[in-house]
Amino acid sequence: MAIMKNRLKTLRQEAGFSQAELGEKAGTTKLQIWRLEHGERQLTQRWMERLAPHLDCRPEELIAEISPPDTLTLSPISVIGYVQAGDWAEAHELPEDDRTQVVLPNTAPYSTAFGLQVRGDSMNLKYEPGDIVVCVPYADYDKEITTGKCVIVELECFQGLIESTVKELHKDDNGTIWLVPRSSNPIHQAIQFPNHLPETEEDLNLTVSGRRIREIRVQAVVIGFFRDDS
């Protein structure tokens, strides 16, 4: 999942600035401008607002080309809660008043997309703590979930507690599905996705990470992420 492409290089060249010149005007470095242009750093809303005045454009034009002058080409994505990248943790959804937003081009194909802030380090080779993963509900995802795709997985315990985590999904040669961490911390291990569900609480054979569970399901598919490097 790559960081979203932007138009910074095009607009900088149209304005006649070198990377070093734009960096000086914006109070940053040539290297940072290079990283923003090449997708090694996310061009966040803060960066867009910081760079746009020097490029004679509106902030949103840095990530989406605007045809009619007054037509916005950005869609807000609501960050509705947190997801644990580590051990399973109780699903946490924020109250409406506490939610923030990130923006995506209107070409994003999923109107039901939402954001979750990552906590924990089991996916830190992909997502750092604090990153926003952009997700689509599983029911709305119209493609096959292939090996290597990151997913939000929920499990429901018999006590009614619902916990979730973000992991990379893999299927081995035997057809077994695994939830794989991508972490520099060796404590995190792959989790086998059960191939059956218990009918009663007395069925003690089905456990995930030491928990007796009633159900486990893919709740959403990750289609991208945002990282605030400003």
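Side notes on the structure shown:
- Total residues in the stretch 29-41, condition farther than 17 Å from PRO59 by Cα and among the β-branched types (Val, Ile, Thr): 1
Yes/no per residue for (1) part of a loop (DSSP other than H, G, I, E, B); (2) without any contact (Cβ under 8 Å) to a residue 60 or more places away in the chain; (3) buried (at least 17 other Cβ atoms within 10 Å of the Cβ):
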{"site": "ASN6", "(1), (2), (3)": "yes, yes, yes"}
{"site": "GLY39", "(1), (2), (3)": "yes, yes, no"}
{"site": "PRO53", "(1), (2), (3)": "no, yes, no"}
{"site": "CYS57", "(1), (2), (3)": "yes, yes, yes"}
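- Taking the criterion of being of a type in the set (Val, Ile, Thr) and either within 18 Å of VAL180 (Cβ to Cβ) or in contact with a helix residue (DSSP H, G or I) (Cβ under 6 Å, 6 or more places away or on another chain) (or both), the residues of the stretch 110-146 that qualify are THR112, VAL118, VAL133, ILE145, THR146.
- The stretch 199-230 - residue that is in a loop (DSSP other than H, G, I, E, B) and modelled with pLDDT of 65 or more and, of those, nearest to the chain's Cα centre (by Cα): ARG227
- Residues that are out of contact with any Leu (no Cβ under 6 Å at 6 or more places or on another chain) and farther than 16 Å from ASP131 by Cβ within the stretch 36-53 comprise HIS38, GLU49, ARG50, LEU51, ALA52, PRO53, listed in sequence order.
- Annotation note: of GLY160, GLY115, GLY120, the sole residue that is at pLDDT below 85 and either more than 14 Å from VAL222 (Cα to Cα) or surrounded by 19 or more Cβ atoms within 10 Å (Cβ to Cβ) (or both) is GLY160.
- Only residues that are of a type outside the set (Val, Ile, Thr), out of contact with any Asp or Glu (no Cβ under 8 Å at 6 or more places or on another chain) and either in contact (Cβ under 8 Å) with a residue 40 or more places away in the chain or not assigned by TED's automatic domain parsing to the domain that holds VAL79 (or both) were counted in the stretch 123-142, giving 9.
- Check on GLU24, among the acidic types (Asp, Glu), more than 16 Å from PRO59 (Cβ to Cβ) and modelled with pLDDT of 90 or more: yes
- Test: VAL102 is on the phi < 0 side of the Ramachandran plot, modelled with pLDDT of 90 or more and surrounded by 12 or more Cβ atoms within 10 Å (Cβ to Cβ): no
The values are calculated or read from the model by the stated rules, or taken from the named source; none is laboratory data. In this text the structure is predicted, and so the values were computed from the model without any measurement. FYI the Cβ positions are ideal-geometry reconstructions off the backbone, even for glycines, and counts take in every protein chain you see.
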